[in-house]
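Notes to accompany the following structure.
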Amino acid sequence: MSKPFKQLFKSYRICGYLKFVRKVSYLVTTNGHIARAGRCVMGCGCAREARDRFPGLDRKLARLLAEHGNRPMRLMRLPDGSDLASFPVKHHWKERADPDLIEASARLLVEIADRFQYERVFLPRPGCGNGRLPWPSVRERIEPLLDDRFVILSFQVAAIRSQKGSTP
């Protein structure tokens, strides 16, 4: 797991934040492509971090995609009791993120959060990394759909580089 992703999980635990939130979900932005080996392609960003940290996650997501289609789904319960879920932003890993798919994923995510009574949901900026979409245009589409349970996370590349001692 890369240092920024580790810091994401640790930062909320260090300050004790999760102790006061009963039900939490972390989301991994994904695509709907299943490779020949029967694995979902999870090759970049937080999807890759989750795949590397949780062996077999790519196969599990591939099975769920084959059964339910490219939609948000609960993937697993994490050791701390929170859930890890998918948030589709692409149909195929080679494509740019699809704003319509992101909006549809956000709508379904709200239903999932209601059904499982999540009090807090952490979501990286969907489609804005390897998906190559500008955050302002994505925010404009999903902000009206998400309530105060949803926390959008962003890693500042310049801040990460400066922590490593290099210049941005």
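The values are calculated or read from the model by the stated rules, or taken from the named source; none is laboratory data. On a predicted model such as this, the values are computed, not experimentally measured, just so you know. Counting neighbours? That spans all protein chains shown, and the Cβs are built from the backbone with ideal geometry, glycine included.
Observations, loosely collected:
- Top-ranked residue in the stretch 39-77 [being at pLDDT 95 or above and among the small types (Gly, Ala, Ser); ranked as farthest from Ala106 (Cα to Cα)]: Gly56
- Verdict on Ile112 being under 23 Å from Asp148 (Cβ atoms) and either surrounded by fewer than 18 Cβ atoms within 10 Å (Cβ to Cβ) or aliphatic (A, V, I, L, M) (or both): yes
- Matching residues in the stretch 84-102 - criterion: being within 15 Å of Leu123 (Cβ to Cβ), touching a helix residue (DSSP H, G or I) at 6+ places or on another chain (Cβ under 9 Å) and part of a helix (DSSP H, G or I): Ile102
- The residue pairs whose first member lies in the stretch 98-125 and is more than 13 Å from Glu143 (Cα to Cα), whose second member is basic (Lys, Arg) and buried (at least 21 other Cβ atoms within 10 Å of the Cβ), and whose beta carbons are closer than 8 Å, counting only pairs six or more residues apart or on different chains, are Asp98/Lys90; Leu101/Lys90.
- All positions within the stretch 21-63 that are out of contact with any Pro (no Cβ under 6 Å at 6 or more places or on another chain), assigned to a strand (DSSP E or B) and within 22 Å of Phe150 (Cβ to Cβ): Val24, Ser25, Tyr26, Leu27, Val28, Asn31
- Residues (in a helix (DSSP H, G or I), farther than 22 Å from Val24 by Cα and hydrophobic (A, V, I, L, M, F, W, C)) located in the stretch 103-158: Trp135, Val138, Val157, Ala158
- Matching residues, the stretch 64-83, being in a loop (DSSP other than H, G, I, E, B) and surrounded by fewer than 17 Cβ atoms within 10 Å (Cβ to Cβ): Gly69, Leu78, Pro79, Asp80, Gly81
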